[in-house]
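Working notes, structure below.
The values are calculated or read from the model by the stated rules, or taken from the named source; none is laboratory data. Keep in mind the model is a prediction, meaning the values are calculated, not measured. All Cβ positions, even for glycine, are placed from backbone atoms using ideal geometry, and neighbour counts span all protein chains on display. All accessible areas refer to the heavy atoms of the entire protein, side chains included, with ligands and DNA or RNA removed. Shrake-Rupley method; radii C 1.70, N 1.55, O 1.52, S 1.80 Å.
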Amino acid sequence: MPCVIEFTGGDRGPWRVTRAEATAGARLEEVAFVSVGLVSESEDPGHLASSGMAWRLRGAISNLRYTTRDEANRLRSLQAALDRPTATHAALIPIKKSQQWWDLAQDERREIFEETSKHTTIGMNYLPAIARRLHHSRDLREPFDFLTWFEFAPEHEADFEALLSNLRATREWTFVEREVDIRLTRD
Ligand code: HEM
């Protein structure tokens with residue numbers, strides 16, 4: 001059973017929303033706070049409505065799809081863990097790609113993802129300042145395909161903006177049909 005994480009938006013939680021915008025497609029309902037946690041096994045169906053939550057998004061921590069052995073080794077040696085005390089800023093960016101993307105074969109997607117768009121190469125320039133975790137939602141029949149999560153210290157906010165504008169200018173992003181960018185802080 002994969003590890004499924006849920007992000008809930010509502011009127012309470014450890015992460016305070018500072019800004020939220022849809023950079024492609026429909027927005028999400030505005031909320032003041034976001035929580036991150038493991039999906040609970042026993043769930044009361046009235047839970048969402050009664051808890052002050054406006055939305056809940058789920059994603060599984062899964063295996064790698066587009067990473068070579070060499071890239072995986074380099075990522076492992078560079079990346080930082082989540083939940084560093086200095087990382088008081090975060091971003092939750094849910095993303096949905098188009099049917100055209102999913103109709104491609106695995107080798108065609110890898111070619112666009114890395115050989116053309118250099119996603120991992122670009123991203124590695126921002127490690128370890130930006131800590132990240134990718135969650136897969138598509139197979140859970142969720143509204144987004146991916147929930148991407150990033151944590152960083154306030155002094156790395158400009159780096160995070162640069163990383164985003166580099167990635168959004170790539171061919172990979174021409175397949176992104178919905179993207180919501182939610183920025184968060186905690187004490
Ligand atoms: C996938 C690295 C930043 C969105 C990946 C993968 C790697 C990676 C290695 C492939 C995982 C696999 O093999 O399946 C990085 C690094 C980053 C970074 C090192 C630097 C912090 C970002 C940002 C976004 C993003 C800022 C979006 C806002 C995604 C998405 C996927 C992905 C949506 C899944 C792509 C797919 O399976 O079609 N990333 N990434 N990444 N990343 Fe990043």
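Output the 0 to 90 degree angle, nearest 10, between the alpha-carbon long axis of helix 69-78 and the longest principal axis computed from the alpha carbons of the chain.
It is inclined by approximately 50 degrees.
For segment 3-185, count the residues as N, evaluate 2.2 N^0.38 Å, and divide the Cα radius of gyration by that value, please.
Compactness ratio reported: 1.03.
Among 91-98, 6-13, 29-36, what's the highest-first ranking by average C-beta atoms within 10 angstrom per residue?
91-98, 6-13, 29-36
Output the 0 to 90 degree angle, nearest 10, between the alpha-carbon long axis of helix 157-168 and the longest principal axis computed from the alpha carbons of the chain.
Helix 157-168 sits at roughly 60 degrees to that axis.
Give the span of segment 107-147's Cα atoms along each principal axis, as three whole-Å numbers ordered largest to smallest.
Cα extents, longest axis first: 33, 28, 11 Å.
Counting only protein heavy atoms and a 1.4 Å probe, tell me what percentage of the chain's accessible area is made up of carbon and sulfur.
Its accessible area is 51 percent carbon and sulfur atoms.
Hey, quick one: spin label on residue 29, modelled 7 Å out along Cα-Cβ, who in segment 50-76 has an amide N within reach, i.e. under 20 Å?
Residues 50-59 qualify, since their backbone N sits under 20 Å from the label point.
Once every DSSP H run of n ≥ 4 in the chain is given -39500 (n - 2.57) and the sum is divided by its residues, what mean residue ellipticity at 222 nm do you get, rounded to the nearest 500 deg cm²/dmol?
The per-residue figure over the chain is -5500 deg cm²/dmol.
Charges on Cβ only, +1 for Lys and Arg, -1 for Asp and Glu, centred on the Cα centroid of segment 3-185; of 39, 131, 73, which one is farthest towards the dipole's positive end?
The residue sitting farthest along the positive end of the dipole is 73.
Quick one: net charge of residue 58's neighbours, Cβ under 10 Å, K/R +1, D/E -1?
0
How do 114-120, 126-132, 79-85 rank on mean C-beta neighbours within 10 Å, highest first? Walk me through the numbers before you get to the answer.
Working: 114-120: 15.6, 126-132: 17.3, 79-85: 12.0.
Result, highest mean Cβ count within 10 Å first: 126-132, 114-120, 79-85.
Would you list 173, 102, 149 from the most to the least accessible area, probe 1.4 Å?
102, 173, 149
In square angstrom, what is the accessible area per residue of the chain with a 1.4 angstrom probe?
That works out to 54 Å² for each residue.
Determine, for each peptide in 65-71, 179-185, 151-157, the mean count of other beta carbons within 10 angstrom over its residues, then list the peptides with the highest first.
For the peptides 65-71, 179-185, 151-157, the packing ranking is 179-185, 151-157, 65-71.
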